[in-house]
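Please treat every number below as a calculation from the coordinates, not as lab data. This one's a predicted model, so the numbers in the text were calculated from it and none came from an experiment. Every residue, glycine as well, gets a Cβ built from its backbone with ideal geometry; the counts of neighbours run over all protein chains shown.
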């Protein structure tokens, strides 16, 4: 599975993430095509040299010529796309994705897929609070994590191919997790934190406090600016794992609340010391 | 109450905040003294030109010569200090503080204070996750909020003096709130957010996730590195307001959890849209 044999790359879904993949791959010398329903996205990408070729429909000419396909679609749209258009894919093509949830996507896609193409799932943990190919920027990959989530159906070659794609894109840390491990981790690290930021904004009308907020409040709520269509889908597709994480966190907040209500200074201090000690591990990288 | 008549300034408690006040005021040309029980702090500050004069005891010579006194002590220590040493203060002296909670400090101090000195409370909303005069830095005031919290006992001159002190120190926004308004605000903007960061760290042993955390998780938990002695005291001294804020936030998280458990996509999206709209107000400053 040499990269030389994957020189024609197709990006399906040319938003922030798809656009950033396209920019990085084109700069690396690949021939990059894109399919997106939004005509302005294709036009913008062609005019700005982000892609070599584009279409607003899954053009069989483009599909049949693509050695590798990167899907940067919402999970439900991704499944529909595979169902409707996989017949036009090139035999031997390697497929990957950027989807932020894995268990409820990877197995379904692999189950319906033609046997002569392979889907190896990945989650590039990068992003910005802006949307669209117009805001795409391959620098978002630098310093970020890239996680490959193979199943028993994947070949070792596909896992290696996918890892090398992450390296080529410029990610700093490449890991391999099972879809289930990935979803549990992402439920805590990303989805729970977005829930917290949203709840901080919606629990009361706090706009009159804008004059009094410092950096820590702004840091904490930066992700409260949230794409509701995408994140509601990600939450719902990872429902069980996220519910577990929310329950663990709410339970811990209730414990802290109890210590405060009881005036238990030593109990509060113990929690704070544990927090400080654990947080120190996150400074070292 | 001209500044010219307040040229001798005493800082009581020479930690990060007291040290930063001292640096700023000395640079502005004031004669700055400091009292701190920690001998190394006084020595460091003298050797590094942060103060002009220092002592590890409340030296009557220093106290009697100080036109203005800034208290940068823990709330309970502050009250004890006033009780024990106020007799040595200069008649007509103006006192202020940096305490992060107000209702349970300001009234007690004013009630016990000599009638010929005045205490006007203030909260400089600045800080760093490091401690001690060795880490003091007057740049922490730039861009930050400074809140004066007068009571009915304060003179308009003292309020003006305190506001002008905030301006001189370099704070960007100077506000006036009642002690009660201040405590409600700080319960939400600062204390609740610290509770959240602590609970995120203590709800499970998440150290194995360090390889997968992105910027948003690091931003959210930066304040989980917390001075347990100081923050447990601040929480307990603002208990009622913080319990109200925690209850509101936990209730909202439970609502989000219910929407997720019910698979209520539109309900989730509505919360996310409200969150995004409200957060936009915090970007404008």
Find every distance from the label point of residue A:61 to the corresponding label point in the other copies (7 Å from Cα along Cα→Cβ) and write them in nm, one decimal, shortest first.
-> 9.4
Distance between region B:6-61 and region A:66-80 - C-alpha centres, whole angstrom | 64 Å
Could you put A:219, B:97, A:59 in order, starting from the residue whose Cβ has the fewest other Cβ atoms within 10 Å?
-> A:59, A:219, B:97
With labels modelled as points extended 7 Å from the Cα through the Cβ direction, what inter-label distance (nm, one decimal) is found for residue B:112 paired with residue A:128?
-> 5.5 nm
Return the average number of partner chain Cβ atoms within 10 angstrom of each residue Cβ along peptide B:179-190.
-> 3
Across the residues of B:140-152, average count of Cβ atoms on other protein chains within 10 Å?
-> 1
Using R₀ = 41 Å, calculate the FRET efficiency as 1/(1 + (r/R₀)^6) where r is the Cβ-Cβ separation of residue A:28 and residue A:218; round to 0.05.
-> 0.70
Final fewest-first order of B:233, A:160 on the 10 Å Cβ neighbour count is A:160, B:233
Whose Cβ in chain B comes nearest the axis that rotates B onto A, and by how many Å?
-> B:219, 2
Range of Cα positions in the protein assembly as shown per principal axis (Å), largest first = 91, 44, 38
Relative to the longest principal axis of chain A, what angle (0 to 90°, nearest 10) does the C-alpha long axis of helix A:156-169 take?
-> 70 degrees
Quickly estimate the mean residue ellipticity at 222 nm for chain A, helices only: each DSSP H run with n ≥ 4 gives -39500 (n - 2.57), and the total goes over all residues, rounded to 500.
-> -15000 deg cm²/dmol
Roughly how crowded by other chains is peptide B:253-266, in terms of the mean Cβ count from those chains within 10 Å of each of its Cβ atoms?
-> 5
Any chance you could check the Cα centroid distance between region B:258-277 and region A:219-284 for me, in angstrom?
-> 19 Å
List the distances, in nm and shortest first, from the label point of residue B:160 to the matching label points in every other copy, placing each point 7 Å from Cα along the Cα-to-Cβ direction.
-> 8.0
Chain A: angle of helix A:228-237 to the longest principal axis, Cα-based, in degrees nearest 10 = 90 degrees
May I ask you to sort A:210, B:105 by Cβ crowding, counting other Cβ atoms within 10 Å and putting the fewest first?
-> A:210, B:105
If eta is 1.306 mPa s and T is 10 °C, what Stokes-Einstein diffusion coefficient results for region A:111-261, Kirkwood Rh from Cα pairs, in µm²/s?
-> 88 µm²/s
Would you mind classifying region A:181-283 by shape? Square roots of the alpha carbon gyration tensor eigenvalues, ordered a ≥ b ≥ c; an a/c under 1.5 is rounded, otherwise it is prolate if a/b is larger than b/c and oblate if not.
-> oblate
A convex hull over the alpha carbons of region B:1-132 yields, per residue, a volume in Å³ of 103 Å³
Between copies, how close do the residue B:49 label points come, placed 7 Å along Cα→Cβ, listed in nm from shortest?
-> 5.2
Give, in nm to one decimal, the length gained when the segment between residue A:244 and residue A:180 is fully stretched (0.36 nm per residue of separation minus the Cα-Cα distance).
-> 21.7 nm
Once the Cα atoms of helix B:239-261 and of chain B are each reduced to a long axis, what angle between those two axes, in degrees from 0 to 90 to the nearest 10, is obtained?
-> 20 degrees
Row for region B:10-81, column shape: gyration tensor on C-alpha, a ≥ b ≥ c, rounded if a/c < 1.5 i.e. under 1.5, prolate if a/b over b/c, else oblate; value rounded
With the Cα gyration tensor of chain B in hand, convert its eigenvalues to equivalent ellipsoid semi-axes via √(5λ) and list them largest first in whole Å.
-> 39, 21, 17
